[in-house]
Amino acid sequence: MVRIANAFSGRRGERGGAGGTVTATMWASLAVGLSASAEDLTKRRISNWIPVAAAVAGFAIHMYGNGWKGAVSAALGLGAGFCVFLVFYFLGGMGGGDVKLMAGFGAIVGIERLLAAALWTAGIGGVMACAALGIRGWRRWRRQRTDGDGAQDCREPDNERDQSIPYAPAIAMGALLSLVP
């Protein structure tokens, strides 16, 4: 029974050590991250059921492992995760689905690991943004070179959706990396 409880709470067991078990927290993060990333990449939106499922899983995992203290950690993680990206939402740099997804991941990772998850997410998101800018610049340069008539066809993307990048993969990777010992 000790090994099962340790696998759910992420504590080190007698045998496997930190790298020996995949915790329920990691499984929940992986499932939520894959679902959110797939939908964000294909439909450019995140359905409400994904952050809700993340919050429910986070509360269940934390309460199973640590009782009411775990529930407090999940609740604080959910609230802080929501607040982390709320500023960017109000500034227009992030969608509401991304804010709710970070709140869900906050419940999964708990308040103790939320700062690490947010920092990993910001770093990965920055790399993704630089890559997107580089690809757009390369496409523009290539279009200009292939136009033999000298016409500069430098059309910008038609709408704001074409200019944005899906952020769910960065959030998912940030949460997963915060769980690595």
* Hits in the stretch 48-80 - residues which are free of Cβ contacts under 8 Å to residues at least 40 places away in the same chain and of a type in the set (G, A, S) -> A60, G67, A71, S73, A74, A75, G77, G79, A80
* Structure fact -> Subset of the stretch 75-99, residues crowded, with 18+ Cβ neighbours inside 10 Å and outside any helix (DSSP H, G or I), comes to M94, G95
* I46 passes all but one of (1) in a helix (DSSP H, G or I); (2) crowded, with 18+ Cβ neighbours inside 10 Å; (3) aliphatic (A, V, I, L, M); which number fails? -> (1)
* Neighbours by Cβ (under 7 Å, 6+ apart or cross-chain): first from the stretch 123-149, within 30 Å of S178 (Cβ to Cβ); second not small (G, A, S) -> I124/M173; G125/Y167; M128/I165; A129/I165; A132/I165
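Quick grid of which residues meet (1) in contact with a helix residue (DSSP H, G or I) (Cβ under 9 Å, 6 or more places away or on another chain); (2) part of a helix (DSSP H, G or I); (3) surrounded by fewer than 16 Cβ atoms within 10 Å (Cβ to Cβ); (4) modelled with pLDDT of 95 or more:
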{"position": "M102", "(1), (2), (3), (4)": "yes, yes, no, yes"}
{"position": "I108", "(1), (2), (3), (4)": "yes, yes, no, yes"}
{"position": "A117", "(1), (2), (3), (4)": "yes, yes, no, yes"}
{"position": "I124", "(1), (2), (3), (4)": "yes, yes, no, yes"}
{"position": "V127", "(1), (2), (3), (4)": "yes, yes, yes, yes"}
{"position": "A131", "(1), (2), (3), (4)": "no, yes, yes, no"}
{"position": "W138", "(1), (2), (3), (4)": "no, yes, yes, no"}
{"position": "R142", "(1), (2), (3), (4)": "no, yes, yes, no"}
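Please enumerate the residues belonging to the stretch 94-139 that are closer than 18 Å to S47 by Cα and either of a type in the set (V, I, T) or in contact with a strand residue (DSSP E or B) (Cβ under 8 Å, 6 or more places away or on another chain) (or both). Walk me through how you get there before you give the answer.
First, the residues of the stretch 94-139 that are closer than 18 Å to S47 by Cα: 94-108.
Those that are closer than 18 Å to S47 by Cα and either of a type in the set (V, I, T) or in contact with a strand residue (DSSP E or B) (Cβ under 8 Å, 6 or more places away or on another chain) (or both): V99, I108.
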* Evaluation of V72 against (1) assigned to a helix (DSSP H, G or I); (2) among the aliphatic types (A, V, I, L, M); (3) in contact with a helix residue (DSSP H, G or I) (Cβ under 7 Å, 6 or more places away or on another chain) (one fails), failing number -> (3)
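The values are calculated or read from the model by the stated rules, or taken from the named source; none is laboratory data. Model, not experiment: these values are computed from the prediction. In this analysis, Cβ positions are derived from the backbone assuming ideal geometry, glycine residues included, and neighbour counts consider all displayed protein chains.
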